[in-house]
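Below is one structure, written out as structure tokens; the observations come after it.
Quick note: the coordinates plus some simple rules give every number you see, no bench work behind them. A quick note: this is a predicted structure, and the numbers were derived from the prediction, not measured. Every residue, glycine among them, receives a Cβ derived from its backbone with ideal geometry; neighbour counts consider all protein chains shown.
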Amino acid sequence: MKSYEILLPGITVLPIIGVVVLLIWRKATKKQAATIGILCEAFALIIPIILLAALRREGSILFTLPWIPNMQISFSLELSWLSLIFLLTEVLVTLTAMIYSLGETTGEKYSNYYYALLLLFSLGMSGTTLADDVFLFYIFWELMLIASVLLILIWGHGEIRFKVALKYFIVTHLGSLMVLVSLITLYVNFGTASLSALILQASTLPVNMQVFLILFFIIGFSVKMAIFPLHIWLPDAHTVAPMPVTIILAAAMLSMGTYGILRFPFALFPLESIQPFALWMMLAGLISEVYGALIALAEKDIKRIIAYSSVSQMGYILFGLGTLTARGMQGSILHVVYHAIVKALLFMVVGIVISMTGERDIRKISGLGSKFPILCVCAAIGVLGISGMPPLGIFNSEWLIFGGGFDSGVSIVLTVMTLIGSLLTVVYALRFFGLIFIGEPKPEALPVKTTRALIIPTVAVAVFLIVEGLAPAPLMSWAIRGLTSIFGSFQ
Amino acid sequence: MSGLFIAVLPVSILIGGAFLIYLVSRFFQLSNRFESLLTVLVLIGTLVALIFLYNQIPDLAGRPDAFFGLSTPGGILWKPNALGVFILIIATVIGILISVFSGEYLSRDPRYLVYYPLVLLTLAGLMSMFLSNDLFNLFLLTEMTTIAASSLIAFQYQHENAIKASFKYLIMSSLGTMIMLLGIYFVYRSTGEMHLDRVLASPDNFTRIGAACFLMGFSLKAGVVPLHTWVPDVYGNAPSAVSGLLAGVLSKSMLFIVPVICLRLGMTRVELGTYLMVFACFNMLVGSIRMLKQHLLRRFLSFSSIAQTGYLMFGLGIGFYYNLDQGLSAGLYLFLVIAVMKCLAFLSAGIFQFYSGSQDIESLRGAGNRMPITAFCFSVALAGLAGIPLLAGFTGKWMIFSASLAAGDLFSVICLGIFMVSTLIGLAGYLPILVKQYQPPTKAGIFLNPAERAPRVSRWMLAPVTLLAILVLFIGIFPAPWINLVEQVMGWMLI
């Protein structure tokens, strides 16, 4: 084992240490608990960056420990270019949410448990991206779900949270079960749980079996992506969850579904087997895009507007994956990252608006722009970003996704419709911005200044969005390397 | 040491201990706690004897003197096997924990004197059932277990329901043993033998009818749908500790005697497997669907127990139907983890009832604040039963999935579909109850008044519950040694 390989499990072990410390240290104030959480998360961010040089040299880094030898299950993690992108996105989002929590009231009660659960949530996601063993993958996949359910249960808004959390759990678990069936079918057929071993062999399965597995994988992961009509858990969960948790849910957890689709059906099976699903994925993406945007246009609750915009944005990603072209998939991966940043920014803005006005009904809020110029600028950046305005990030990814759509063999009508559908995004985004920030200031009694602890991370995310949009080159090259490692050198 | 002595030792300790404890406690007017400690001592002795026996089994197998009474016709025939001893070790460990638990649980009952001997006798009956190798002894010992268990079920005779439940159990169980007696008649008529190893040599249609009778009798005792009607009444009204023993070990272990006997009496593996899988589906569906509408906590747990009997049968059924070792080991592993989790669930439910005086699920509200440790342990049990990863139940679920997907034909996939539906409904049943503990109380109850001091849960009850919860976590995170153990003993199910 090479020396740097030992660093890899650090990404999963550090949060566990943090969790243990937080569970023992019950008297920790919110600041102390946050410090521990942020420190662990920051280290988890530094490790992949340290490993970057080795990754460039090796192509992928693997760490393996035997766990249940008589069932051929091991504790193995793999860092590849693909997982790197998702890992960094997820850790950065969690870090942002942790810092944002400091300015919020969330987590003042039981702060040690709050930060412990945030760490576990993040651990679930980073484990999901790293796991190279299907058993381990599923454990992390469920950990992600359980931690988020608990966060909603304990710190969510209103009595309704119990029902919402239950619905969220059961609907998402249904998707997980479909994934589980496919994982175990693979495990049973080849007698190994190691994903890298499965990738080498899976294409030898009979074609019927392949089709069945791809179907189950795609539907299972689409539940997590909240593709219409599997999105029913999303709006409620996003609305009821406290704002930092909503940020992680929307910006990071949704993208795990994308990762799953890339990592399992796409990496395991030859493209010919996936081809029959291409049209359906594009179609589902289109419907999801339009549906999410239309509902967002009709919603009055500002948190729900942004929540439905997630359904719409995930539609683009599925569309890009469905094109099965290099450009489309690269666009999807980029879209995951940009969407994470934009969505985090928008939810942070919404959080500030709610905390200042105490209102969530869009009809009761207006004209905040003149009073809070910084917030207004951040919101404008977010709104323009989500509408796909150059040079903000989403322009790049949408360009690639639509390019992929035209490249694919499927009729261009579909792509043109998606392009036209994207206009709806502009409409709801501008409605959101216009109603809240322009016009007569409402409600009357408003605090003079925004909380500094909330506005600073928001500004930072806005700046980061502009930077990422202007310099997409490293991200693009990572995405290409990730795709090359899956598909070989295809264009 | 002679093989005979080793084979008889555990049961002798139990039965001797049962009478001795009663006499000593009566004579010296011992307190409840003291008697519970004595019981624990006896059970620890039994455990040591069992472990010793387990290690001796490879030696005993080749030696005829392990057969107690082989030389005399109609004598008592005993033959220890690794599977039986493994199950008995689990039963004894659970027995130790519930004895400690009863040290506080029975403190309000003046008749504790007979309680512990009855627990010991129940265990002794179970133990002899697994060790005996002839049909007539099996019948007698089954009856003994039934009688001891039904007096335990009626132990809280102040409650009318307890008497009713016990009566129901007694009637139905006697029906089961009666059918078994009929089976013995068929076997004896055809072969003139009761000795299982000798019957094995000449199975014919009569012995097959006998096998069917035994299958039915044991199905009744295991609570297989549609013979499950006694289960909710019994587990819901017996003392919690007894419910833990019955639901965790006693009734489910009957499923492991079934193959040993039926296969020897000439039933084929495919027949047995078909029976187990078909009825497993009924169990899974009935258990999980009826679980949803329960208002009483222990009744809820009883229905979930019916569903789990189904999971066990499903695993075993795959094992027999398709000749897959994975299925058998899944069934046996599930037995181990369900014993631990179910006992934990019933004991925690017992603590709630002990301090709140109510079995109502609504009265769980606020328990998370007032009894944090118990509530946490109960949550571990529920989450484990729901099959949440990293708890013991998940590995079992994974094994069931992989066994049925390895079989891979339509029958097993349909059953797997039903299994998935059942686990999903199960989630919808377990989670609201888990959550309820952490919700603020709304109705009147002991947990309502925040000014009132929270009840301090006795250490006698907390210790076994905590231990079991740790075990659930431990088995979940390190399943490898347990799976090894299970794979070692599972071969004994196939004659």
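Using +1 at the C-beta of Lys and Arg and -1 at the C-beta of Asp and Glu, which of A:A298, A:S366, A:A344 has the Cα lying farthest in the positive direction of the dipole of chain A?
A:S366
So if I place +1 on the C-beta of Lys and Arg and -1 on the C-beta of Asp and Glu, and nothing else carries charge, what would the dipole magnitude of segment A:350-491 be about its Cα centre? I want it in debye, nearest 20.
With Lys and Arg at +1 and Asp and Glu at -1, about 380 debye.
For the pair B:D197 and A:V211, how long in nm is the line joining their label points, each one 7 Å along Cα→Cβ?
For the pair B:D197/A:V211, the computed spacing is 5.6 nm.
Compute from the Cα atoms of segment B:3-493 the Rg and the Dmax, the latter being the longest Cα-Cα distance, and quote both in angstrom.
21.7, 73
So for segment A:215-344, what are the equivalent ellipsoid semi-axes in whole Å, largest first, each being the square root of 5 times an eigenvalue of the Cα gyration tensor? Each step should come with its number before you reach the end.
Values: eigenvalues 125, 40, 31 Å².
Three semi-axes, in Å: 25, 14, 12.
Which distance in nm do the two modelled labels at B:I414 and A:I16 give, with both placed 7 Å along the Cα-to-Cβ direction?
4.4 nm
What distance in nm separates the two pseudo spin-label positions at A:S355 and A:T484, each 7 Å out from Cα along the beta-carbon direction?
Output for this residue pair reads 4.4 nm.
Once you wrap a convex hull around the alpha carbon atoms of the protein assembly as shown, what is its projected area averaged over all directions, in nm²?
41.5 nm²
Taking the Cα centre of chain A as origin and charging only Cβ (+1 Lys, Arg; -1 Asp, Glu), how large is the dipole, in debye to the nearest 20? Numbers along the way, then the final one.
On the way: 27 positive and 23 negative charges, 203 e Å.
Dipole magnitude for chain A comes out near 980 debye.
Can you tell me the Rg and Dmax of chain A, counting just the alpha carbons, in angstroms?
Answer for chain A, Rg first and Dmax second: 21.5, 70 Å.
Considering the Cα trace of segment A:78-210, what is its radius of gyration and what is Dmax, both in angstroms?
Both quantities, over Cα of segment A:78-210: 17.7, 55 Å.
Which of the aspartates and glutamates could a cross-linker bridge to A:K303, judged by Cα under 13 Å and excluding same-chain residues fewer than eight apart?
Once the sequence-local aspartates and glutamates are set aside, what remains near A:K303 is A:D236, A:E359, A:D361.
What does the structure give for B:418-431 when I average, per residue, the other chain Cβ atoms found within 10 Å of the residue Cβ?
Across the residues of B:418-431, the mean count of other-chain Cβ atoms within 10 Å is 2.
Given a Förster distance of 45 angstrom, what is the FRET efficiency for A:R56 paired with A:W399, based on the Cβ-Cβ distance and rounded to 0.05?
Efficiency for this residue pair is about 0.95.
To one decimal place, what orientation-averaged projected area in nm² is obtained for the convex hull of the Cα set of segment A:355-398?
3.9 nm²
List nothing, just return the count: lysine pairs in chain B, 8 or more apart or interchain, with Cα separation under 28 Å.
25
When the scattering of segment A:348-442 is computed by the Debye formula from its Cα atoms alone, each counted once and equally, what is log10 I(q)/I(0) at q = 0.19, 0.20 Å⁻¹?
After summing over all Cα pairs, the log10 values are -0.87, -0.92.
Using each residue's phi in segment B:121-134, evaluate 6.51 cos²θ - 1.76 cosθ + 1.60 at θ = phi - 60° and report the 3J(HN,Hα) Karplus result to the nearest Hz, with x for Gly and Pro.
Each residue of segment B:121-134 in turn: 5, 4, 5, 4, x, 4, 4, 5, 4, 6, 8, 6, 10, 9 Hz.
Grab the DSSP H runs of chain B that are 4 residues or longer, score each as -39,500 (n - 2.57), total them, divide by all residues and round the 222 nm result to the nearest 500 deg cm²/dmol.
On the way: 20 runs with 371 residues, N = 495.
That comes out to -25500 deg cm²/dmol.
Can you check how the C-alpha radius of gyration of segment A:270-491 compares to 2.2 N^0.38 Å, as a plain ratio?
1.08
Over all alpha-carbon pairs of segment A:1-124, lay out the pair-distance distribution in 10 Å bins, whole %, shortest bin first.
Whole-percent P(r) values from 0 Å outward: 13, 39, 29, 16, 3.
Could you give the Stokes-Einstein D for segment B:274-362 in µm² per second, using the C-alpha Kirkwood radius, 4 °C, 1.567 mPa s?
Rounded to a whole number, D works out at 93 µm²/s.
Taking the Cα centre of chain B as origin, sum charge times position over the Cβ atoms of Lys and Arg (+1) and Asp and Glu (-1), and report the length of that vector in debye to the nearest 20.
1080 debye
Neighbour counts of other C-beta atoms within 10 Å: give me A:I466, B:I257 arranged from fewest to most.
A:I466, B:I257
Hey, fewest Cβ within 10 Å first, where do B:L332, A:L465, B:L196 land in order?
Result, fewest neighbours first: B:L196, A:L465, B:L332.
Could you work out, for segment B:375-426, what percent of all Cα-Cα pairs fall into each 5 Å distance bin, beginning at 0 Å and stopping at the bin that holds the largest distance?
5, 21, 25, 21, 14, 8, 4, 2, 0
Find the percent of Cα-Cα distances in segment B:309-406 that exceed 23 Å, and round it to a whole number.
Everything past 23 Å amounts to 37 percent.
Under 23 Å between alpha carbons, and skipping anything fewer than 8 positions from A:K27 in its own chain: which lysines qualify?
A:K109
For a footprinting-style exposure proxy, rank A:Y316, A:Y110, B:Y430 by other Cβ within 10 Å, fewest first.
A:Y110, B:Y430, A:Y316
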